[in-house]
Structure formats: structure tokens, C-alpha cells
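Chemist: I have a structure I would like to understand better, so I am pasting it below and will then ask my questions one at a time.
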Amino acid sequence: MSAVIKPENSVWNPACECMPRKDLEALQLERLKKVVQTAWDKVPYYRAKMEAAGVAPQDVRTLADVAQLPFTTKDDLRGCFPYQAFAVPLDDVVRIHASSGTTGQATVVGYTKQDLATWAELMARLQTAAGVTKSDVVQIAFGYGFFTGGLGHHYGVETVGAAVLPVSSGKSERQIQIMKDYGTTVLICTPSYGMYLAELIGQLDARKDLKLRLGLFGGEAWTDAMRQALQKGLGVFATDNYGLSEVMGPGVSCECVEQNGMHLAEDHFLPELIDPVTGDPAADPAQTGGELVLTTLTKEAIPVIRYRTRDLCTFLPGACPCGRTGRRMSKVSARSDDMLIIRGVNVYPQQIEEALLSIEGVAPHYQIEVSRAGALDELEVRVEVTENLFFDEMQKQQAMKEKIERKLETSLAVHAKVRLVEPGSTPRSEGKAVRVIDRRKKG
Ligand SMILES: [Zn+2]
């Protein structure tokens, strides 16, 4: 297998991405004032919320004043279905995306021509930060359609000037055939799908026929241990990126080749970290972090004020060697919606992933099941092990099972039952993986 090569550091738009903080903050304040005024003038929902909170656009005099404005939640946006959150007439809207969500009403996102131009620019920044150049052949294995991942990346690749293969998700053997036939150098998909493709490439012994060098993985929270597994399995340099359809789609922040935090596009989004319980500014953004809250600074069709992302992260201190001045957020350590409460202890699926992948012989495929036996919550983790171990003697299997249980108990502070399963037996995903089955929930 060829070694993973770190790409060169280059910046798509140095004037914006490397802007001195003082200038950036002045620009943010000017844009914040404008977006709050627009929301007040054009979207009755925002005006009602601001009036109820006793604030008006003229109260925003500094960037810190954003904290006086009311939050917007996913439910608020759902309540605006389909067009009540729009600040422009439909005549000016040229694209509509929606996030399905697993439950309830979809949230709708609209874009004006200018919004699409902004998005393409932010995606070009993201791709360039990850090492993509105009010489690349980029295979997009994100779903196209209402989901923002596919088309979002698509326009970014075209803006950079690389060649885009708009394959969409699924048909995994065909994905690999396309990689071979067209000489794909960059793969874009969810990390769980990337892992599945890596496995399939191994089974087909196709690695030697591929030119893959970069992997851009987003759309779900993943750990650094998963990065190592993806880099090894696909032979790519792997970077993370972040976004959500409610505020635009991917492109909100992206990792540069330093692989150390994702630079927020702060000229287009004003980020805050809050305590998810009290809603106050996070006490220690660099250490304990908090929930990311975003205000769109330039979006025309749907301005979004203080959107609660439910994503937990920290802001990394210090400057990045790449020269970008946009603050770096850590990988999303957890989505507060994903938190499991097991016998009173908070457990995040990412903690389980981190613990599992630190053990030699564990494959990056697992599933978590929570059930209730009488009054007690039961946590079971089904873990795939490598072929050799699975067919190994019982004694070795038992030792492995106990090793994983000990590791999980140390990092979760709660006991998890481990079941070793045959390679290939947990479900594979072509989009976002279903890692958790919670049987305690009704319906
Ligand atoms: Zn950087």
C-alpha cells in the first residue's frame, strides 16, 4: 500500500480566509447588524421572537450583543414549513433543499443566486484547504437530491476547476469500478461509507488499481481513530468538514492539511459556544467547550439567527500554521441529541468508537444497542473483530471480549456488555450510519 502523502497547503481566497482578526470582526459586526435588521423587517417569525424577548435590531451594537437575541431551534424552523422563514419572495429563490430528519416535519432551505455563489465559494475554500486542485478527479459519493452534501460539494469542485464525477451514493462495487475507470483521485462521502468502501476495496483487491490520494469526509461526527482507519484502508489523506443544511449545508468549517481543527468561515457565519443546559456563553470554550450556535451573516433567502446546532465542540486556541485566521473548532465530539443516558451516566457513541478503535484487532464496524431489563438499562456493544481472531480459539476470543469490556468501562464509567461478531455482520451504510439502536424508546 502506498504511503499517505500530506498535500501542499494552499488557500483559495487569502484576502478573506487570512484576514486580520480586527478587520474580520469589523466585517462581522457590519454584517450582523444588517442580517438582524433584515430578519426583523422581512420575517414575521423573527420579529415576533425578538419582540417577545424585548430586543430590537438597534440593540446590536457590538458582536457580544448577539447574546441578547433569541435562539432558533430546529423545531422553530420546522414550524416555518415550508416558506415562512424566507426573507425574499419565491421569485428570487433559485434552489430549494430540505433536511428530512428522522422524525417529524422537514426543514426547508432556500437559496438566492447570490446564496449559491457564496456556497460555491465556501465549498471551493473547503476543497482547497483539504488539498484538492484543478488536476484532481473528484468522485462524489454523497447522496444528491434534497440532501445538501451532494450538490454542495459538486459546485465547489467545479469552482476549483477539478473534474467532478457526480456518482451519488450507493452501488458500491460500481463506485470502485468508476474509481478504476476514471482514475479518481479524491473521494467525498460520509466516513462510515468511506469505511465500507475501504473494506470492499480490500475484498476486491482493488487498491493497486486506484489513484486515490485524498478523502473528504463529512455528514456525521467521527473520531481521530476513525481517521487513521480511513487513511489506512483507503490510502488517502483524510480531512473532516462541517456544515448543516439549516444554515447552508457543508462549508461552514473545514480542516486544512494540518488536520488540527476546522476553520470556521467567519466572514459568513458568526459562531458562539454556549452551555447547552443554561444557554449562557460557554465558560471555557477551549477546554470544556459547549454547543455550537451559528448566525448566518450573508444568507439572503433564509437568514438564521443563533441557530442551536446541538453539536458539541471546543474552539482551539492559537494560530494555525496554514495562515487562515478563521477560528478552529474541534471535531464534533458529540451531538447532544445522540447522548445516551445509561443508568444515569451520559454516554456518547463517539466515546465508544474512540475506545474500540484504540484496540488492535477491532474492525471499525460496530453497533450499540440499549435495552431495559427490568429497571436497569443494558448497554451492549457488538464489535466486529478481524477474521483471524474470529476463527481463533475460544480462549483468545474471551480474552479479547474482556479486554474491550475493561476498556469501555474505564472510558464510559458504566458497564457495557461486549459481543464479538463475525466480520461483515453489522449493517453497512451508504450514507449516515445507524450506530445506535435504543430499544427503550417506544414506537
Ligand atoms: Zn489551518
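Chemist: Quick query: amide H of ALA363 versus all other amide H atoms, modeled in the peptide plane; which residues come in under 5 Å with a sequence gap of 5 or more or a different chain?
Modeler: GLU384, VAL385, THR386
Chemist: Give me the accessible area per residue for the range 65-190, probe 1.4 Å, as a whole number in Å².
Modeler: 40 Å²
Chemist: Straight-line reach from LYS34: which lysines fall under 17 Å, measuring Cα to Cα and dropping same-chain residues less than 8 apart?
Modeler: Partners within reach: LYS42, LYS299.
Chemist: If you don't mind, another one. For the chain, what does -39500 (n - 2.57) per DSSP helix run (n ≥ 4), summed and divided by total residues, give at 222 nm, in deg cm²/dmol to the nearest 500?
Modeler: -9500 deg cm²/dmol
Chemist: When only Cα pairs under 8 Å and 6 or more residues apart are kept, what is the percent relative contact order across the range 339-441?
Modeler: 33 percent
Chemist: Let me spell out the model: positive unit charges on the Cβ of Lys and Arg, negative unit charges on the Cβ of Asp and Glu, origin at the Cα centre of the chain. What dipole size does that give, in debye rounded to 20? All intermediate terms of the calculation are to be shown ahead of the outcome.
Modeler: Details: 51 positive and 56 negative charges, 64 e Å.
So the dipole magnitude of the chain works out to roughly 300 debye.
Chemist: So what's the net charge close to THR325: Lys and Arg +1, Asp and Glu -1, counting the other residues with Cβ under 12 Å from its Cβ?
Modeler: Counting the neighbours of THR325, the net charge comes to 0.
Chemist: Another question about this same structure. With every protein chain left in place, what is the accessible area of ARG382 in Å² (1.4 Å probe, nearest 10)?
Modeler: In the full protein context, ARG382 sits at about 40 Å².
Chemist: Roughly what % antiparallel, to the nearest 5, for the DSSP beta bridges in the chain? Mind dumping the intermediate values first?
Modeler: Numbers: 41 of 64 bridges.
Taking every DSSP beta bridge with both residues in the chain, the antiparallel ones total about 65 percent.
Chemist: Could I ask something else about it? Calculate log10 I(q)/I(0) of the range 203-248 for q = 0.26 Å⁻¹, where I(q) comes from the Debye formula with a single equal point scatterer on each Cα and nothing for solvent.
Modeler: Listed by q, the Debye log ratios stand at -0.95.
Chemist: According to the Cα gyration tensor, what semi-axes, each the square root of 5 times an eigenvalue, does the equivalent ellipsoid of the chain have, listed from largest to smallest in whole Å?
Modeler: Numbers: eigenvalues 270, 150, 79 Å².
Value: 37, 27, 20 Å, ordered largest first.
Chemist: List the relative contact order of the chain as a percent without decimals, with contacts defined as Cα pairs under 8 Å and 6+ residues apart.
Modeler: 15 percent
Chemist: Another question, if that's okay. Looking at the range 339-441, how many pairs of lysines come closer than 19 Å at the Cα, when each pair is eight or more places apart or spans two chains? Please list the in-between numbers first.
Modeler: Numbers: LYS396/LYS407; LYS396/LYS417; LYS401/LYS417; LYS403/LYS417; LYS407/LYS417.
Lysine pairs satisfying the spacing and distance rule in the range 339-441 number 5.
Chemist: If one computes P(r) from the Cα atoms of the range 267-362, what percent of pairs lie at distances over 20 Å? Please report the intermediate quantities before stating the final value.
Modeler: Values: 2245 of 4560 pairs.
Cα-Cα pairs of the range 267-362 separated by over 20 Å account for 49 percent.
Chemist: Tally Lys/Arg at +1 and Asp/Glu at -1 over every other residue whose Cβ is under 13 Å from the Cβ of ASP136; what's the total?
Modeler: Taking every Cβ under 13 Å from that of ASP136, the sum is +1.
Chemist: I would also like to ask the following. If amide H atoms are built 1.01 Å from N in the plane of the peptide, which residues on other chains or at least 5 residues away come under 5 Å of the amide H of ASP377?
Modeler: ARG343
Chemist: Right, something else. Please list LYS432, LYS401 from largest to smallest accessible area, probe radius 1.4 Å, with all protein chains kept in place.
Modeler: On the way: LYS432 120, LYS401 50 Å².
Order by accessible area, largest first: LYS432, LYS401.
Chemist: Treating each Cα of the range 270-319 as an identical point scatterer and ignoring solvent, apply the Debye formula and state log10 I(q)/I(0) at q = 0.23, 0.27 Å⁻¹.
Modeler: -0.79, -0.95
Chemist: What Rg and what Dmax come out for the range 144-282 when only alpha-carbon atoms are used, in angstroms?
Modeler: Both quantities, over Cα of the range 144-282: 16.3, 54 Å.
Chemist: Another question, if that's okay. Would you work out which of TYR348, PHE391, SER425 lies farthest towards the positive end of the dipole of the range 339-441? Charges go on Cβ: Lys and Arg +1, Asp and Glu -1.
Modeler: It is TYR348.
Chemist: Which three lengths, in whole Å and largest first, does the range 74-205 cover when its Cα atoms are put on their principal axes?
Modeler: Ordered largest first, the range 74-205 gives principal extents of 52, 33, 22 Å.
Chemist: Once the range 339-441 is represented by equal point scatterers at the alpha-carbon sites, with solvent omitted, what log10 I(q)/I(0) does the Debye formula produce at q = 0.15, 0.19, 0.21 Å⁻¹?
Modeler: Taken in order of the listed q values, log10 I(q)/I(0) reads -0.60, -0.94, -1.13.
Chemist: Leaving out ligands, DNA and RNA, what percent of the accessible area of the range 339-441 is carbon and sulfur, probe 1.4 Å? Intermediate values should be presented prior to the final figure.
Modeler: Numbers: 2740 of 5470 Å².
For the range 339-441, the apolar C and S fraction of the accessible surface comes to 50 percent.
Chemist: Whenever you get a sec, line up MET226, MET339, MET394 from highest to lowest accessible area (probe 1.4 Å, protein heavy atoms).
Modeler: Heavy-atom accessible area, descending, gives MET394, MET339, MET226.
Chemist: Evaluate the relative contact order of the range 267-336 (contact order divided by residue number), counting alpha-carbon pairs under 8 angstrom at least 6 apart; express in whole percent.
Modeler: Working: 126 pairs, mean separation 18.5, N = 70.
This gives 26 percent for the range 267-336.
Chemist: Turning to a different aspect of this structure: Let me check the size of the range 1-89 from its C-alpha atoms; what are the radius of gyration and Dmax in Å?
Modeler: In Å, with Rg to one decimal and Dmax whole: 18.9, 62.
Chemist: Another question about this same structure. If the reach is capped at under 16 angstrom between alpha carbons, list the aspartates and glutamates near LYS134, excluding any in the same chain fewer than eight residues apart.
Modeler: List returned: GLU8, GLU121, GLU158.
Chemist: Of PHE147, PHE269, PHE390, which has the most accessible area and how do the rest follow, probe 1.4 Å?
Modeler: PHE147, PHE390, PHE269
Chemist: Right, here's the next one. Which of the lysines could be linked to LYS180 by a straight reach, that is with a Cα gap under 16 Å, when you skip same-chain ones fewer than 8 residues away?
Modeler: List returned: LYS171, LYS208, LYS211.
Chemist: Which whole-number value in Å² is the accessible area per residue of the range 280-393, probe 1.4 Å?
Modeler: I get 40 Å² per residue for this part.
The values are calculated or read from the model by the stated rules, or taken from the named source; none is laboratory data. Please read all numbers here as calculations on a predicted model, not as lab measurements. Note: ideal-geometry Cβ built from the backbone for every residue, glycine included; neighbour counts use all protein chains shown. Remember, those area values only see protein heavy atoms, side chains included, never the ligands or the DNA or RNA. Shrake-Rupley method; radii C 1.70, N 1.55, O 1.52, S 1.80 Å.
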